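The values are calculated or read from the model by the stated rules, or taken from the named source; none is laboratory data. Computed from a predicted structure; not experimentally measured. Neighbour counts are summed over all protein chains in view; Cβ atoms, including those assigned to glycine, are modelled from backbone coordinates with ideal geometry. Accessible surface is based on the protein model in full, side chains and every heavy atom, while ligands, DNA and RNA are left aside. Shrake-Rupley method; radii C 1.70, N 1.55, O 1.52, S 1.80 Å.
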Amino acid sequence: MEKFYLTTPIYYPNARPHVGSAYTTIVCDVVARYKRMCGYDVAFLTGTDEHGEKLERAAAEAGESPGEFVAEKRELFKSLWQTLGISEYRFVHTSQNPAHRSAVQWMIGRADKAGYIDKRKYEGRYCVFDEMYVSDGSDPVNCPNCGRPAELISEENYFFRLSAFEDRLLKHYEDHPEFVLPDFRMNEVKSFVRSGLRDISISRRRLKWGIPWPGDDEQVVYVWYDALTSYLSGIGFEGEKRSKDFEKFWPADLHMIGKDILRFHAVYWPAFLWAAGLELPKTIFAHGWIYYDQDKMSKSKGNVVYPEPIIKAFEESGAPGNDALRYYLLRDTPFGLDGSFSYEGLIQRYNSDLANGLGNLASRTLAMLQQFCDGAIPLPDNATRDEAASDASSVVVGGPQAFDSLDFSLVLTGLWMLMSRADKLIVNKKPWELAKSALPAGQESLKGTLYRTTETLRIACILLYPLLPSAAERLWKQLGEHGRVEDEVIDSRLHFRQIEPGTVVGKPEPIFPRLDRRAMLHRLRELADQDRAQEEKAAKGVSAKAGSPIPGPEPQIPNREPLASSPEPPKITIDDFAKVDLRAGTVLSAEPIPGATKLLKLQVDIGAEVRQICAGIAEYYQPEQLVGMKVVIVANLQPRKLRGVDSNGMVVAASLGEDGKPVLATFLEDVPNGARLK
Ligand code: MSP
């Protein structure tokens, strides 16, 4: 049996998981279920990332020891995975886990022996929230990921010689284009590596909550080095000692991650593995983020969406809450891109696609089978069976292909097209009229129509199972099929003519009752508010227990909302707009301008030429972040001098919040330099 090893990132258990954290796990659950149906022996790993300063501080704020704190919070993840019906996963946690500790220490030992580790003085800025080194200088800077001020670290550390892997990484990316997906993320990674890799500090001195550095009690291992190694220890790797499972499942076939942690996985992780002489994972897929109504979810804004109240609200109305949430997340956002969560969107998708679409087709078909065919699947003639087979052929072929390329919205679109064809067939053939016909042709047509729609539902059930497991199982039973749909094998039973004529079907029971939009919206919000109030109450209890919390840096979450007070710009004609020459370009270099704290001098390749442009973004972007980035420039702006430096063009950015924080416009797909935007 072929193996398939997939992982979610391991989550920081500093807070309760929300819809964003659930997203990666749900997606992995879909992949795991699909691969099992394709006959793979699947290992599916998730877990918690429990060391580091962020956790140490969160525990202190809660008045608990870090060990107690993370052990408690770890359970919140397991409990949510249970509520979400996540299937047969393995769970790894990094603290209080001797096997994991020995794996990490072994990796360090190997890298050290191979000459990739040395001790140096480190001074730089560190973001505790993202557990990430932000800059190697002491100047104040905000974290590019979360916007919080990065803290100054000045200490003697162990360094990993990442720079030694630059060429090898670039060659690996060229030879294995599937190593980072989607493609546009691979381009980001390549640009980052091409801009030059610096050695990185992989130990921390003043921190206690971590894995002790082998042979140096004063240092602990950097939390990302520790965390990434969980992909090995989670399947039984302890260093020299390795389980049979590890020998079977490593290398991982798929590390599923969010876009924010791509660099750690696609640049650091392969280098750590090579340094220890281990094989690399096959694919890292970086998906987009789920925002709330276009905005980043954040506790301080009170817009964090938790799955539990959503599931409760649906189930109170007799609807499968998990499936509704899964469907919305997977159908609405093309996988890989960012998506936006809204309660309105969730209800809208549920009602239109699940209640009116699939649910309606199922209940009509089953009701007609009861009424006109004595509750059994009819036997149609051969011609009808052939027609039926050609109906579904594109889905039968395209569904698994779309699954294999992790294009879940495409799987769903294909299925809904098949179902809407079945719906049309019912509308055109009018089985209720055919049933009255005394002619043999009328009876044949009735049988054929119901056979075809039932077979459509059977096929939909099989391909839907990984995505909507509980609804698919229920429908499977109603169709009179034996066993569990999850035991079906994708490929061999996806053909038409395999539904057994004569099979007695069940009574139509609504799987997706239609919901009243307003009442449901109200209930969803009400339950979310109750949930939030409970959470706040619990948090207050915690801060009373903790006494005075240890102050951490004040979060400055980037505001993604446009400025409400911006004046309405005047209307222009298309000819006015055509005067603006907007071009795609790649930043080749970026450097500060002495004496101008806000400006960066950029060299931008716009195809026909390289432009020098001064941009007022120095307070928000590090030069190395920009190199390789695709940007949009206004190419026909009058050249001018800024602080004595020539600037020929302007880089386009959104301007956010009261300070006008710039966020550069870029592309999700590869666009050649010089391409005109119009
Ligand atoms: N502990 C590290 C991962 C170590 S893996 C060796 C970490 N943890 S995290 O809890 O901050 O994030 C875990 C995952 O959740 C990341 O992949 C992140 O992208 C994802 N998400 C967190 N919020 C999200 C959304 N709002 N939307 C989608 N995914 C998001 O990083």
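For this structure, a couple of remarks:
- Considering the conditions (1) farther than 15 Å from V92 by Cβ; (2) under 18 Å from the mean Cα position of the chain (by Cα), G52 is excluded by exactly one of them, (2).
- For region 253-275, a tally of residues being more than 26 Å from D118 (Cα to Cα) and within 11 Å of the ligand (Cβ to nearest atom) returns 6.
- In the set L162, L197, only one residue is in contact (Cβ under 8 Å) with a residue 24 or more places away in the chain and either open to solvent by 10 Å² or more (accessible area, probe 1.4 Å) or not assigned by TED's automatic domain parsing to the domain that holds D226 (or both); that residue is L197.
- In region 315-337, the residues that are in contact with a strand residue (DSSP E or B) (Cβ under 7 Å, 6 or more places away or on another chain) and open to solvent by 30 Å² or more (accessible area, probe 1.4 Å): D332
- S340 satisfies every condition listed in (1) under 25 Å from the mean Cα position of the chain (by Cα); (2) exposed (fewer than 15 other Cβ atoms within 10 Å of the Cβ); (3) assigned to a helix (DSSP H, G or I) except (3).
- Checking D374 against (1) farther than 15 Å from L457 by Cα; (2) in a helix (DSSP H, G or I); (3) free of Cβ contacts under 8 Å to residues at least 24 places away in the same chain, the condition it does not meet: (2)
- Restricting A99, A71, A62 to those that are farther than 25 Å from D407 by Cα, away from the ligand (no atom under 16 Å from the Cβ) and open to solvent by less than 10 Å² (accessible area, probe 1.4 Å) reduces the list to A62.
- Among all positions in region 103-123, there is no residue which is modelled with pLDDT under 95, hydroxyl-bearing (S, T, Y) and open to solvent by 20 Å² or more (accessible area, probe 1.4 Å).
- Scope region 237-249; condition open to solvent by 20 Å² or more (accessible area, probe 1.4 Å) and either within 14 Å of the ligand (Cβ to nearest atom) or more than 16 Å from R110 (Cα to Cα) (or both); matching residues: S243, K244, D245, E247, K248
- Filtering region 71-98 to residues that are touching a strand residue (DSSP E or B) at 6+ places or on another chain (Cβ under 8 Å), of a type in the set (A, V, I, L, M) and assigned to a helix (DSSP H, G or I) leaves nothing.
- Residue count, region 9-41 (criterion: open to solvent by less than 20 Å² (accessible area, probe 1.4 Å) and away from the ligand (no atom under 12 Å from the Cβ)): 6
- Scanning region 276-308 for residues that are more than 12 Å from the ligand (Cβ to nearest atom), of a type in the set (D, E) and under 19 Å from P17 (Cα atoms) yields a total of 2.
- Just one of the numbered conditions (1) buried (at least 24 other Cβ atoms within 10 Å of the Cβ); (2) at pLDDT 95 or above is not true of A460: (2).
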